[in-house]
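Every number here is computed from the coordinates shown, using simple stated rules; none is lab data. Keep in mind it's a predicted model, so treat the numbers as computed, not measured. Note that we place each Cβ from the backbone using ideal geometry, even for glycine, and neighbour counts take in every protein chain shown.
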Amino acid sequence: MSFSSQIKSNYQPKRLAVKLNAKGEQFVIKKHPWVFSNSIVKINDKARTGDLAIIFSKNKNRVIGLGLYDAYSPIRIKIIHSDAEKAEINTAFFHGKIEEAYKKRSDLLKTNTTSYRLLFGENDGFPGLIADVYDTVLVVKLYSEIWLPYLESILKSLQVVSNADTIVIRLSRGLQQSKNHQLKDGDVVYGILENEVVQFIEHDVKFSANVIKGHKTGYFLDHRANRKQVGEWSKGKTVLDVFSYAGGFSVHALYNDAREVTSLDISKQALEIAIQNGKLNPYAGKHKTIVGDAFKSLKELIKNNMTFDVVVIDPPSFAKQASEIELAKKKYAQLAELGAQLTASKGLLVLASCSSRVLAQSFFDINLQVLNNQSRRFNNILNTYHDIDHPISFPEGAYLKCGYYRFLN
């Protein structure tokens, strides 16, 4: 099987000698993967996106890091190597990094799971590049043009390491509008994609992802461990899954013999996928859906005196930029309050956040503050973070946190 010619780049990257100010230099020495434009003191003229930036220390003139230059981003250099030992940036270098990433996921791949994140951007040394595996289909999402000159060799290595039969390319909005490549969002660049809806297994449970039209790469793999946990605690229970999207928590609950599951989402289309995902597995419980805005729908359920044994609230990111942090915190507080009112006697409330700008401790503090202000007693039985295929190598790389609160009355 051969790779599509669309992945070839005509641009031969140049080598750039770069010097940074003291702050930028410290970032690189501490292995932070971002160098902002205002940290650069000296760089070659006519630097182009994808060029290899060789960062020299100010005083001793030794190399302290290697990165890829991005002319279109305030993060002007994305670091790909900051170890003391020398490195040659070539096919073997990227292949080694991909093999290293695969090894980190080995424990997950020993379970009955055929979907995982093979490359998690900066955290695996590939800033602006995500690679997710769904059974035999590998989906690579590009967020930066820095990878275009290296894409062919990286895709070949990803195919070898993952043993994928098919590779699909997804592009960020910025890359979809770029004229610097021949790729289109959803292009199949290796193998044949017989159906854009791909089935896979997550801890024994069957799911599907639309790898061409679905959000991100088709599905959200990051909550896998939390979905499994919620499933195990849902036997014989009534469950409310808020912001359910394609029904991750709902389907695990049904698979684990929940009595009744209600999936709530603003997208009718997402709920239809949730119903279909449920039907991929045997279950005896009832699966209901509510189409609507979460905040309004939760208030409506409270008004109707509804309660559930397990309530899961997993909203999208509320703080895409720093100016939104305070509003995000208010929304999390509101959801904790609404969730508590909907959780039945001795029930379980699960609250999650994927806003990297709202730090984990801050999120957990908000939940505890809200729950301590109501009259019911509870135990914070578990706090979870990232699964094994979403490793964290720098502070901003951490975004996922999830708190489990068991009411005692």
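What to note about this one:
- Residues listed by number, segment 100-127, amide nitrogen under 17 Å from Glu232 label point at 7 Å toward C-beta: 107-113
- Electrostatic dipole magnitude of the chain [Cβ: Lys, Arg +1; Asp, Glu -1; Cα centre; debye, to 20]: 960
- On the beta carbon distance between Lys14 and Lys303, with R0 = 45 Å, the FRET formula returns roughly 0.10.
- Convex hull volume per residue, computed on the Cα atoms of segment 145-198, equals 90 Å³.
- Reduced Cα scattering model of segment 1-160, Debye log10 I(q)/I(0), q = 0.09, 0.10 Å⁻¹: -0.31, -0.38
- Taking 18 Å as the limit for the C-alpha separation, the pairs Lys268/Lys320; Lys268/Lys288; Lys216/Lys320; Lys14/Lys78 exceed it in the case of Lys268/Lys320.
- Whole-angstrom gap from segment 80-112 to segment 279-304, using each part's C-alpha centre: 42
- Shown is the FRET efficiency for Ala284 and Asn372, computed with R0 = 45 Å from the Cβ-Cβ distance and rounded to the nearest 0.05: 0.75.
- Here the gap between Ala333 and Arg48, fully extended at 0.36 nm per residue and compared with their Cα-Cα distance, gives a gain of 98.1 nm.
- For the pair Leu359 and Asp107, a Förster radius of 35 Å applied to the C-beta separation gives a FRET efficiency near 0.80, rounded to the nearest 0.05.
- Between segment 138-168 and segment 178-219, the alpha-carbon centres lie 13 Å apart.
- Relative to the Cα centre, the charge distribution of segment 298-409, modelled as +1 at Lys and Arg Cβ and -1 at Asp and Glu Cβ, gives a dipole magnitude of about 420 debye.
- The simple spin-label model puts a point 7 Å past each Cα toward its Cβ; for Thr91 and Ser345 those points are separated by 6.9 nm.
- Values of log10 I(q)/I(0), in the order q = 0.09 Å⁻¹, for segment 208-366 under a Debye, Cα-only, solvent-free model: -0.27
- Plainly put, segment 303-409 has a radius of gyration that is 0.99 times its Kirkwood radius, both from alpha-carbon atoms, as the Rg/Rh ratio.
- Positive-pole candidate from Ile79, Ile313, Phe94, dipole of the chain, charges at beta carbon: Ile79
- Pairs exceeding a 29 Å alpha-carbon distance, out of Lys179/Lys331; Lys206/Lys299; Lys184/Lys296; Lys104/Lys141; Lys184/Lys330: Lys179/Lys331; Lys206/Lys299; Lys184/Lys296; Lys184/Lys330.
- Residue-averaged [θ]222 nm for the chain, counting only DSSP H segments that reach four residues, each worth -39500 (n - 2.57): -8000 deg cm²/dmol
- Extents of the chain, taken as max minus min of Cα coordinates on every principal axis and listed largest first, are 67, 49, 37 Å.
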